[in-house]
Amino acid sequence: MRILATLATADSGTARVAGHDVVADRRAVRRAISLTGQFAAVDETLTGEENLRMMARLSGLTRTRARRRAEELLVRFGLTDAARRQARTYSGGMRRRLDLAAGLVGSPEPGVFFLDEPTTGLDPRSRRELWQVVRDLAGRGAAVLLTTQYLEEADQLADRITVLDKGRAVAEGTPETLKSRVSGHRLDLVLSSREAYLRLATRAVHHSPETLTLGLPTDGTAAHARALLDEIDPHRTDIDRFSVRSATLDDVFLALTTDRTEAPAHV
Amino acid sequence: MSDAPGALTHATVMTGRSLLLSRRNIDAVITSMMLPIMLMLIFVYFFGGAIDTGTAYDSYVMYVVPGVLFLCAGFGSATTAVAVSEDMKGGIIDRFRSLDIGAMPILAGHVVASTVRNLVSTTLVFAVALLIGFRPAATPAGWLAVTAVLLAYIVALSWISAAIGLLARTPEAAGGFTFFMSFLPYPSSAFVPVDSMPGWLHGFADHQPVTPAIESLRGLLLDQPVGNAPWTALAWAAGILTVAVALSGVLFRVRTR
């Protein structure tokens, strides 16, 4: 990501961003992009408003236009109330939003956004607020490249996902394509006895002996689930509970990668 | 479409930013301003009586003021180095670079803010010195020369501090590195005459960059003959500045690779 944003040089290979080569045309690339890292790139002791005005001035707006632009962005990112507070008093989510806003000050707005793990360390509410911001950006026609370790996030936001394993792309496609690589749905059954568990184990695609849980493939329809339950447990004594779950990107990820601790999925 | 702003616009905005940051960190700034004043009081009232500066000076305070001005610049440089280092540590440097702002406008902003801080602290030192019996006798041309020499050294030392800020891996280390600048006035004629030092130190004390500056400031302030000292001092300052600018350019490229 730092290579694409022209902040680091590639060992080999070439890349083009918004039609410009990242090495030969780095100025043009820098004017076309906005970069937001996981460490907020704002001045902590300046207020939100001062940060945005400074960035606007640096990207070439006059003093008056910079002030107006800062106000617009504060409204758009829901930071009006906090505009005159120092950024160090902001919550994680507010800081990230201020950071994103700071990347938007130039005009025209950049068409390409690089968001490097933008929701790492945020609480669920802030994460959802940030997702909405990303959807808005994409809705305005911008291209967003986002790295994340949260696969649910990739599923929610991405049109296209690249799964990286040890620095290599191991899979690429829409969330649906990726999910179709593992079975679509699964009926998880919690069985009442060890005998029942052993009897049905051969039909299952997912096993969890310690909780006596088995996962059987299904298409997710009520008709199929009902038929399946009747078939495998005609006396209605063997199954305590059941749940239907859709395959998640977590399943895809686990199927695709070997032992990994960190694996950003690219949107 | 906004016009691509030039380096001058960038430097102006960066200066405004650095000054604003200083105002927000006013505690640290005041501390760095109070230290030289305390040291001046210590030197004048505790040590001064025991130091023989010869017959040319009515009192020790007349002798020591230029040295204290240099202590000021030394303490001020710590603030500058830390500020530069903080920038390099945080994500903000990537933001600036992605806005296509070069090393020089960023550092120039810090240096100008540092110079402003130093001018404030220098004025404070002068004010306190006047209160405790400093009576300068400089001519108008002398004052002009004093200002030129001081300004040249403040800018040169500020830029060295900025380079140190780039060199140090952490802000704490950056603050520590600048201590050699606060110590440089001691082995010079700033506080005691060089003649009173051991012989092996004379060579260094006579030819280090602080000495010609101290000699010219002292001579000019008391309206005594200074010879070539101001020119030597300005040459040193220009040399230091040139090296500092070149060095910081290289360091910036290394740090942001």
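Read the figures in this text as sums done on the coordinates, not as results from a lab. Given the structure is predicted, the values throughout are model-derived calculations rather than measurements. Cβ sites come from the backbone with ideal geometry, for glycine too, and all protein chains shown count toward neighbours.
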Exercise. What percent do you get for the relative contact order of chain A when only Cα pairs under 8 Å and 6+ apart count?
Worked result: 17
Exercise. Which of these, A:PRO217, A:PRO124, A:PRO234, has the largest mean-square fluctuation under a Gaussian network model of chain A (Cα springs below 10 Å)?
Worked result: A:PRO234
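Please say if the range A:16-148 is rounded, prolate or oblate, where rounded means a/c under 1.5 for a ≥ b ≥ c the square roots of the C-alpha gyration tensor eigenvalues, and otherwise the choice is prolate for a/b larger than b/c and oblate otherwise? Spell out each step's value before the answer.
Details: a/c = 1.77, a/b = 1.18, b/c = 1.50.
Here the range A:16-148 falls in the oblate category.
Using r as the Cβ-Cβ distance of A:ASP123 and B:LYS89, and R0 as 25 Å, what FRET efficiency do you calculate, to the nearest 0.05?
Details: r = 26 Å, r/R0 = 1.02.
The value I calculate is 0.45.
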Exercise. With a ≥ b ≥ c the root eigenvalues of the C-alpha gyration tensor of the range B:1-85, is it rounded (a/c under 1.5), prolate (a/b larger than b/c) or oblate?
Worked result: prolate
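Once the Cβ-Cβ distance between B:GLU172 and A:VAL75 is put in as r, and R0 is 45 Å, what FRET efficiency do you end up with, to the nearest 0.05? Don't skip to the end; give the middle numbers.
Details: r = 39 Å, r/R0 = 0.88.
Once the sixth-power term is evaluated, E becomes 0.70.
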Seminar exercise, completed: Simple SL model, points at 7 angstrom along Cα→Cβ for B:LEU8 and B:ALA137; separation in nm is 4.5
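Return A:ARG53, A:ARG65, A:ARG226 ranked ascending by Cβ neighbour count within 10 Å, so the fewest neighbours appear first.
Details: A:ARG53 23, A:ARG65 14, A:ARG226 10.
The most exposed by this proxy come first: A:ARG226, A:ARG65, A:ARG53.
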For this session: Find the relative contact order for chain B and round it to a whole percent, using C-alpha pairs within less than 8 Å whose residues are 6+ positions apart.
Result: 26
Seminar exercise, completed: Rounded to one decimal in nm, the spacing of the 7 Å Cα→Cβ label points at B:PHE179 and A:ARG203 is 7.7
Problem set entry | 0 to 90° range, to nearest 10: angle between helix B:229-255 axis and chain B longest Cα axis | 30
Exercise. Label-point separation (nm) for A:ARG140 and B:TRP200, each offset 7 Å from Cα along Cα-to-Cβ?
Worked result: 6.8
For this session: State, as an integer percentage, the relative contact order of the range A:183-246 based on alpha-carbon contacts under 8 Å between residues 6 or more apart.
Result: 49
Exercise. So, in Å, what gap is there between the alpha-carbon centers of the range A:179-236 and the range B:26-67?
Worked result: 87
Exercise. Who wins for biggest fluctuation among A:SER208, A:SER12, A:SER59 in a Gaussian network model of chain A, springs between alpha carbons below 10 Å?
Worked result: A:SER12
Exercise. Going by alpha carbons, how many degrees (0 to 90, nearest 10) lie between the helix axis of B:60-89 and the longest principal axis of chain B?
Worked result: 10
Problem set entry | Centre separation in Å (Cα based) which lies between the range A:41-90 and the range B:133-157 | 40
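When Cβ neighbours within 10 Å are restricted to other protein chains, what is their mean count per residue of peptide A:61-69?
Values: counts 3, 3, 1, 0, 1, 2, 0, 0, 1.
Going residue by residue through A:61-69 and averaging, the value is 1.
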Problem set entry | Estimated FRET transfer efficiency (B:ILE42, A:ARG65; beta-carbon r; R0 60 Å; 0.05) | 0.70
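With a ≥ b ≥ c taken as the square roots of the eigenvalues of the C-alpha gyration tensor of the range A:183-246, please select rounded if a/c is under 1.5 and otherwise prolate if a/b is larger than b/c or oblate if it is not? Provide the component values of the computation, followed by the final result.
On the way: a/c = 1.88, a/b = 1.25, b/c = 1.50.
Oblate, because a/c is 1.5 or more while a/b does not exceed b/c.
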Exercise. Per-residue ellipticity at 222 nm for chain B, helices alone: DSSP H runs ≥ 4 residues times -39500 (n - 2.57), over residue total, nearest 500 deg cm²/dmol?
Worked result: -24500 deg cm²/dmol
Seminar exercise, completed: Listed residues B:THR211, B:THR53, B:THR147; largest mean-square fluctuation, Gaussian network over chain B with Cα springs below 10 Å, found at B:THR147
